[in-house]
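Bear in mind that the values in this text are calculations on the coordinates, not laboratory data. As the structure is a prediction and not an experimental result, all values here were calculated from the model. Using ideal geometry, Cβ is built from the backbone for each residue, glycine included, and neighbour counts are taken over all protein chains shown.
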Amino acid sequence: MSDTFVHGYYRGRWPEEQVPDGEPLWLFYEVDRVARVVLRTVEVFPDGSIARNSVELEQQHGGECPSLIDCSLEDFFADADLDEMPREQFEDLWTKGVDTPVWFVR
């Protein structure tokens, strides 16, 4: 099975017109369609800064993190207004981002 079939890439804008302070304007997701998990995320903030996170980053200190969402993939997609996007666009944003684990507490 090719990586293109297994992985999907999606983007969505913050759901409200006014973006609250500290929240991203755009959210990007790499999804493993077979395992039904989110593997990587990229957040683009109104000031142009870019944060990225991944299951790998979250697990680097021994914690378990099978997915970057805390609900089923079906529930996540039902609640989010996302559009599919090209892998190349996701990878371009990923390379510009700064590692920003969310759940790992230092």
For the residue pair residue 13 and residue 56, what label-to-label distance in nm results when each label sits 7 Å from Cα along the Cα-to-beta-carbon direction?
3.2 nm
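Quantify how much of the Cα-Cα distance distribution of the chain extends past 24 Å, in percent.
Working: 1167 of 5565 pairs.
Tail of the P(r) past 24 Å holds 21 percent of the pairs.
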Run through all the Cα pairs of region 53-106 and give the fraction in each 10 Å bin from 0, expressed as whole percent.
20, 39, 38, 3
Taking a crude spin-label model, label points 7 Å out from Cα along the C-beta direction, the residue 26 to residue 75 distance in nm is 2.9 nm
